[in-house]
Each structure stands twice: as C-alpha cells, then as structure tokens.
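Chemist: Can you read through this structure? Questions will come right after.
The values are calculated or read from the model by the stated rules, or taken from the named source; none is laboratory data. Here the structure is a predicted model, which is why all the values come from computation and not from measurement. Note: ideal-geometry Cβ built from the backbone for every residue, glycine included; neighbour counts use all protein chains shown. In case anyone asks, the SASA skips ligands and DNA or RNA and just uses the protein heavy atoms, side chains included. Shrake-Rupley method; radii C 1.70, N 1.55, O 1.52, S 1.80 Å.
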Amino acid sequence: MTAESMRLSSSSCSNTSSSFINGSRRPLSLQPNRLFCINNSYSSVSELFGNVRISSKPSKVSVNQVQRRRLSVVSMAAAEESSRAIPLKDYRNIGIMAHIDAGKTTTTERILYYTGRNYKIGEVHEGTATMDWMEQEQERGITITSAATTTFWNSHRINIIDTPGHVDFTLEVERALRVLDGAICLFDSVAGVEPQSETVWRQADKYGVPRLCFVNKMDRLGANFFRTRDMIVTNLGAKPLVLQIPIGAEDSFQGLVDLVKMKAVLWSGEELGAKFVYEDIPGDLQDLAEDYRTQMIETIVELDDKVMEDYLEGVEPDEQTIKKLIRKGTIGANFVPVLCGSAFKNKGVQPLLDAVVDYLPSPLDVPPMTGTDPENPEIILEREPSDDAPFAGLAFKIMSDSFVGSLTFVRVYAGKLTAGSYVLNANKGKRERIGRLLEMHANSREDVKVALAGDIVALAGLKDTITGETLSDPENPIVLERMDFPDPVIKVAIEPKTKADIDKMAIGLIKLAQEDPSFHFSRDEEVNQTVIEGMGELHLEIIVDRLKREYKVEANVGAPQVNYRESISKISEVKYVHKKQSGGQGQFADITVRFEPMEAGCGYEFKSEIKGGSVPREYIPGVMKGLEECMGSGVLAGFPVVDVRAVLVDGSYHDVDSSVLAFQLAARGAFREGVRKAGPRMLEPIMKVEVVTPEEHLGDVIGDLNSRRGQINSFGDKPGGLKVVDALVPLAEMFQYVSTLRGMTKGRASYAMQLAKFDVVPQHIQNQLSTKDQPVAA
Ligand SMILES: Nc1nc2c(ncn2[C@@H]2O[C@H](COP(=O)(O)OP(=O)(O)OP(=O)(O)O)[C@@H](O)[C@H]2O)c(=O)[nH]1
C-alpha cells in the first residue's frame, strides 16, 4: 500500500469513530469540572468509583535500611548463578523510528528473517507482521504499541524496539528512545523527511541517541535518494554521511554501491531471501561513487589527526580505519550515516544490519547512566554498564498479558537481575519480587533465569512499579532520570452501555492507564460521568476498542473536545487573610502571594521569599498545597493552569489560631484573587498540519484551512505533481478533518498533523468557552 493511501486509510479509522461518536447513540457531553484526579496510579475499583480522591503523584516513601539489607542478600545470592554469553561490547539496543508508513515494521520483519529469528515473513498489508501483534494493529496495518525483540547478527546481540509512527502514539517513541543506545531512522524515499520524522528526530536529539538513516522504498515510483539526503540537511539540520548510493531506482532498483568497500552490491531477485553478490561498480556510477567516497573520507579523517596527516600525504585510510572512524563519528554525533534499500523488495537489509553492528554504540559506548540518591536527590550517582555494578534498571513500559498478567519491560543498565530475587522500587521505597524474567519476541516470550547489564526484559509479577520508575539493588538505591510524558490534548465523555458494566469499565480504564501514561481518565461522582483523555482521536478510539475487546465493555462515547489550559499574562500581587471566629478555636492565616507568568512549557513553580519567619516554616506546606490544588482548575473555565510561578512574599500568623489548614485555605483565596488580577487567559493546542493534495484541489484545501482559523505557512511541491501545504491550525477546528478532506479531494489528498504549541485562544472563543456550561473535567 502506498504511503498516501495508508495515510488516508489510517485516518479512516478516525472516521469509524465519527460514526461511533455522532451516530444514533445518545450523544454525551462533558460536564462542568467538579474535579476528580486523573492519573495512572489507581489500583482498585473502589479507589476510583468510591468517593476517594487519588493523588497523581506517587507517594515518596523513605527506604528502610534494614529492609535494604535483607533484600540485597537475596538478590546477591541469586545473581551468582548468572553468566554472560555475549560480551557487552557486542550488544546493540536499537529502535526503528520514522513517520507513519515509512516501513519500520516491514524492515523489522526482514531483519528478523535475515537474522534467522523468523522462518517466515509477516507482511504488514496482510496483517501478519510479527511485531504488529495487537489485533488492532493487524486490522489497521499500523503500529500502535512498541514491540521488543532480540535477535543476533555476526555474533552480536541486537535488541530491537519497533515504534509506532502515528503522532497519537508518540509516547511509545519517547519511552523507547529513553532506553535505547542507538536508532535507525527510516525515510520513505518518495516522501523524504516527513513531519513525524522531524518529531522523532528531535526526540532522539533530546535523548542524545546516535542514529543511522535508511532511505527505504527505493523501488517506489518517484523514489529519490539524493533528494531525501538533501532534506536531512534542510529539514533536520543534520550532517549526512552517505555510505551507499543506489543502483537504479523505482522499478529498476537493483542494489547499491558500498562506498566503504567501493563495490557494487547487487541482488539477483526481489523475493524473500534473494541472494546478493559484490561486483565491480557499474561504469556509469563510477564518477558519482568516487565523488561521494571522497566526501565520506574527507569528513571522517577530521576525527583523527594521524589519519588526516596520512591522507594529506596521499595515503587513504584502509577499510578497518574507515569503519572505526565512521563508528566514532556516529557515536559522537559528528554526522549520521545514510544507507538505502527497499525492505519490501528484500534489498539493502543485510548491509543495514552490518551497519548497526559496525556503527551504532554498545552500552559501553554511551555515557554511564546517572541518577540520584532517593533519600537525597541532591546527590548524583552513576552506574557503570557492568554486570558487577549494583543492579539498576528502568521500567519503561507496562503491558497486560492474558497469560502472565501484567508485564513490566525493564532496561537493565547495570548489574544482574535474577528470577525469584527481590529488588527495590527506588521511587516508592517498596520492595518488588521478580517472579518470572521473560525475553520478549513481540508478544511471545521465553523464560530466562537472569538478565544482565544491557538487556531488555519483561518482568512478571511486579505489583507497584509503573512506567518511568527505577528498580535497583536495595543496598545501593538509585533513582534514574524519569521519562517525560506528554499531556493529553483531547478528551471525550464515556459511559458503559449497561449499568452492569460500570465496574468492568473501571477495571479496564485502570489497566489501560497503567500501560499508557499518555492516557488519562477521571470520574466525576456528582454528575456520574467518566472522561477519558488522550493524544488524539485515533488514540482514544483505540482505547475504546480495547475496552470492548479486552475488557468486554461496550461504551457510548461523546464528541471529542479540546483540553484547553489557562495561564496569566501579567504579574499580580495579593494579600489574603483567612480569618474565622465562630466558637471554639479560630482560624487565622495571612499571606501575600505574587503570581508571575512563565515561559510556555514551564508548568507551575512555587517559591518562598519569606524572611524572618513571618510565615513559620511549618505552615508553608499548607500554602503550597492550597495553591497546587487550585492549579488544577483555573478561574476562567476550570481548565488546568500552567506556566505560572507563585511566590510567597510575606504574611503573618497567630500563635493559637494559625494552622496548616488555615494557610491552605488562605492560599486558595489568594489564588482566586491573584489569578483574576493577573490577566487570566485561555490557551489551546495548535497543530502543525501538512496536507498533500493534487494541484486542482489546492484552492479548496487552502480555503478550508483558512476557515478553520488556520495560518498557512508554506507551499511546496511533492513528486507526482502533488502540492504540499504547511499550516498551523487549532486542534479544536481539526476534529473529523479526514472526512472533509476526503470529500473535498475525492480521497486523493492526505494529511498528517502533530502538536506544535499552545497559544492564546481568541477572545470571542474564550468568552464562549467560559460562559458555556460545558467543559470541563481535567
Ligand atoms: N514499495 C515498497 N513498499 C514498502 C516498503 N517498505 C514498506 N512498504 C509498505 O509500506 C506500508 C507501510 O509499511 P509499514 O512497515 O507498516 O510501515 P511502518 O513505518 O511500520 O508503519 P506504522 O508503524 O504504522 O507507522 C506497507 O504496506 C508496506 O508493505 C518498500 O521498501 N517498498
């Protein structure tokens, strides 16, 4: 299936949701905010559906020394049994990432075949891909959840995570990148660098992940390796190091020139397992190959003075030296090697695997993992990637499994982990027993006795650990840096079709939220409404589908709505006195708080400037609590308040009547008054939208985007006479865009969108939102 048709067909999933949402079933609308917490740390139905308020922050429990010692004896004894078959220097923990449909799953399937992991290839379009094991993935031909697998190539162990390309599942990419040492970035050679490729590239930059580029689909009509190479420079600002150039393109794509060996690699067929041979470079490519080889050599010799000297004296580095320097520059992010091929036509995959082994880092090549002491976060700790170091691992994914219950995926950074041992959840200070250790192959599994530094394993039987938490040697606790979870941007009201399903739905939602930190839900007892929140229409649609299939709950779903935010535009300072004297002990708290706007994305910050004890230390937590409570629900329409700093400037207290509670109540009053005075305003998610359309529909597409409050940023050309429009459009205007676009262009256009920023809601819309008895529950 082509990228274009896939883009539409994957969006057509959203269309299913439109009939679901707008069909004959009773429409649900969101009720005003009566605050119920949303998070992924629910553990029981009664917690959710009882009138209990649950904190979104995991409680911090101090680690008991005695407990630590007891735990470590068990884990050390168990660790003795282990041994290492493959040296750590020969490990490659890699991810495959790209825009939707670039061919990640197809490439992974080929890798599994050529490394001997799979005897038979699963095809995405036939719904048989090994890595797309979820029913929804097979039906829709898209990856939804990242899958992990282990395979071997040239005596190296390669742990691979295949990630989704659709922007709604960006969290999956984020968590994969957090635990990987290297990545393959795939591009569709026709489309080049696409919007989501840019997003994953930036995510990889954020985590400092060295990467290779693979220009895939060289067999497609319009394939152009060199244009894609140029887009890597212009769109990603990266420095490509071309290591291969294609021999032919489209129908006549036959293989590639390996610029390291200066040989042509030609495949004799395009069937699975097609053989390839090294031959002399075809005459018509000789000059081009020499040009690119010179560029390659001139780039890499800069990394070594001696090699540079020799080169200037006319001595070219040998193959071993060239590979060593490419490896050095790749790991040091001096450049990104660029390769090419066609995964679908079985060309280029083996050289890609060679490049993974030759150029991507082992766990020994990346900086040692750092973290903090759980009892003193100021103390920075480091863990060497060694089996002999104290154990440290990061839980990066939770998956429900019908056979073993919940599976927790862990990347082991240091030390050993054995089945039956105990470790410490360093974030919570709780011990966890390691029931079974499983090596995962998509959704199938193999029991293993021990996991060593560098391994990615799934653990069965953990009780308290959630995504992002650290498991560590109890004797040497460490909290590794947590992952960032994106905040949901849309929400819908949901209710089970039958009352009897209410508990089942709660169980399902709890489990799904535990698996996916970018999915939130809340329950408002007063209006008897449950709201689910996620990263986009497709994300929520998959959640509703999973509720139905995995938890047997049929649900009615309301129309999607935007998750707005509230913020302030100027500084305000208020004095607020909370005073109550109605028999018994009185209440007194006096505070002055300054509210300051912060830059976008800064969240909320509290600062105390109290000097001389005008507000005694023991009451400050009351102020903090009161303010934090209010941040969940702004003064305009009850949306969460962001990008605000609250500074406690001054205050006074009463020897008898003051209490933490009195200061908490004063803080609430100060918040209401202070934020009202600070120019409150509403913010909305703005999406970067890219529409690819035949030229004859360009006018309609632009007119329609304008009518959606869109701001057109640029136009461009795409192969095949297509036009590409880049625009910024508020998410609120983009619901069901897929159907409009399809109608307008007779199904010939496609679009992709992703969150660009939050921006101020125009005043007239803000007025509607704040007066409507509609939103919110956040
Ligand atoms: N012509 C051609 N088609 C390919 C190639 N690689 C993949 N495809 C097709 O492109 C479509 C998308 O491939 P996938 O492997 O699912 O792409 P993906 O990047 O994993 O997709 P998501 O996970 O949904 O983002 C499928 O129909 C593949 O058969 C290739 O090299 N050439």
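Chemist: Please specify each residue of the range 204-223 satisfying the condition of being over 18 Å from VAL349 (Cα atoms) and at pLDDT 95 or above.
Modeler: Within the range 204-223, just PRO210 meets the criteria.
Chemist: Among the residues of the range 179-195, count how many are assigned to a loop (DSSP other than H, G, I, E, B) and within 25 Å of PRO368 (Cβ to Cβ).
Modeler: Residues meeting the conditions: 2.
Chemist: Restricting attention to the range 412-425, does a residue exist that is in contact (Cβ under 8 Å) with a residue 24 or more places away in the chain, under 27 Å from the mean Cα position of the chain (by Cα) and assigned to a loop (DSSP other than H, G, I, E, B)?
Modeler: Within the range 412-425, one or more residues are in contact (Cβ under 8 Å) with a residue 24 or more places away in the chain, under 27 Å from the mean Cα position of the chain (by Cα) and assigned to a loop (DSSP other than H, G, I, E, B).
Chemist: If you take the residues in the range 702-713 that are without any contact (Cβ under 8 Å) to a residue 40 or more places away in the chain and closer than 13 Å to ALA749 by Cβ, which one is most open to solvent (accessible area, probe 1.4 Å)?
Modeler: So, considering only residues that are without any contact (Cβ under 8 Å) to a residue 40 or more places away in the chain and closer than 13 Å to ALA749 by Cβ, the one most open to solvent (accessible area, probe 1.4 Å) is ILE702.
Chemist: Which members of the range 196-223 meet the condition of being within 15 Å of the ligand (Cβ to nearest atom), out of contact with any strand residue (DSSP E or B) (no Cβ under 7 Å at 6 or more places or on another chain) and in a loop (DSSP other than H, G, I, E, B)?
Modeler: Answer for the range 196-223, where residues must be within 15 Å of the ligand (Cβ to nearest atom), out of contact with any strand residue (DSSP E or B) (no Cβ under 7 Å at 6 or more places or on another chain) and in a loop (DSSP other than H, G, I, E, B): ARG220, LEU221, GLY222, ALA223.
Chemist: Name the pairs whose Cβ atoms lie under 6 Å apart, with the first residue in the range 224-240 and free of Cβ contacts under 8 Å to residues at least 12 places away in the same chain, the second in a loop (DSSP other than H, G, I, E, B), and 6 or more positions between them or separate chains?
Modeler: The qualifying pairs do not exist here.
Chemist: If ALA637 meets every condition in (1) crowded, with 16+ Cβ neighbours inside 10 Å; (2) over 30 Å from LYS757 (Cβ atoms) apart from one, which number is that one?
Modeler: All conditions are met except number (2).
Chemist: All but one of (1) open to solvent by 10 Å² or more (accessible area, probe 1.4 Å); (2) out of contact with any strand residue (DSSP E or B) (no Cβ under 7 Å at 6 or more places or on another chain); (3) within 11 Å of the ligand (Cβ to nearest atom); (4) modelled with pLDDT under 60 hold for PHE169; which doesn't?
Modeler: Unmet for PHE169, out of (1) open to solvent by 10 Å² or more (accessible area, probe 1.4 Å); (2) out of contact with any strand residue (DSSP E or B) (no Cβ under 7 Å at 6 or more places or on another chain); (3) within 11 Å of the ligand (Cβ to nearest atom); (4) modelled with pLDDT under 60: (4).
Chemist: I'd like to check something: does the range 393-410 contain any residue that is open to solvent by less than 10 Å² (accessible area, probe 1.4 Å), among the β-branched types (Val, Ile, Thr) and modelled with pLDDT of 85 or more?
Modeler: The answer is yes, given that some residue of the range 393-410 is open to solvent by less than 10 Å² (accessible area, probe 1.4 Å), among the β-branched types (Val, Ile, Thr) and modelled with pLDDT of 85 or more.
Chemist: So which residues in the range 368-384 are touching a residue at least 40 places away in the same chain (Cβ under 8 Å) and out of contact with any strand residue (DSSP E or B) (no Cβ under 6 Å at 6 or more places or on another chain)?
Modeler: Hits for the range 368-384 are GLU375, PRO377.
Chemist: May I pose another question? Filter the range 640-660 down to the residues that are farther than 28 Å from TYR564 by Cβ and among the β-branched types (Val, Ile, Thr), then identify the one that is most open to solvent (accessible area, probe 1.4 Å).
Modeler: Looking at the filtered set, the residue picked out is VAL656.
Chemist: If you take the residues of the range 563-593 that are assigned to a loop (DSSP other than H, G, I, E, B) and open to solvent by 40 Å² or more (accessible area, probe 1.4 Å), which of them is modelled with the lowest pLDDT?
Modeler: The residue in question is GLY583.
Chemist: With the requirement that a residue be open to solvent by less than 20 Å² (accessible area, probe 1.4 Å) and among the hydrophobic types (A, V, I, L, M, F, W, C), what does the range 714-770 give you?
Modeler: VAL724, VAL725, ALA727, VAL729, LEU731, MET734, VAL738, LEU741, ALA749, ALA752, VAL761, LEU769
Chemist: Within the range 154-166, take every residue that is more than 12 Å from the chain's Cα centre (by Cα) and open to solvent by 10 Å² or more (accessible area, probe 1.4 Å) and give me the one that is farthest from ALA238 (Cα to Cα).
Modeler: Result: SER155.
Condition check ((1) crowded, with 22+ Cβ neighbours inside 10 Å; (2) over 23 Å from ILE571 (Cα atoms)) across all residues:
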| site | (1), (2) |
| --- | --- |
| PHE595 | yes, no |
| GLY622 | yes, no |
| ARG672 | no, no |
| VAL675 | yes, no |
| GLY679 | no, no |
| GLU684 | yes, no |
| GLU696 | no, yes |
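Chemist: Now for a different question. When you scan the range 552-562, do you find a residue that is under 24 Å from GLN766 (Cα atoms) and surrounded by fewer than 16 Cβ atoms within 10 Å (Cβ to Cβ), even just one?
Modeler: yes
Chemist: Could you grab me the full set of residues in the range 338-358 that are out of contact with any strand residue (DSSP E or B) (no Cβ under 6 Å at 6 or more places or on another chain) and more than 16 Å from the ligand (Cβ to nearest atom)?
Modeler: Passing the criteria: ASP354, ASP358.
Chemist: If you don't mind, another one. For the range 438-554, which strands (runs of 3 or more DSSP E) that fit wholly inside it have 2 or more residues that are closer than 22 Å to GLY415 by Cα and over 20 Å from the mean Cα position of the chain (by Cα)?
Modeler: Strands (runs of 3 or more DSSP E) meeting the threshold: 444-448, 450-452, 456-460, 470-472.
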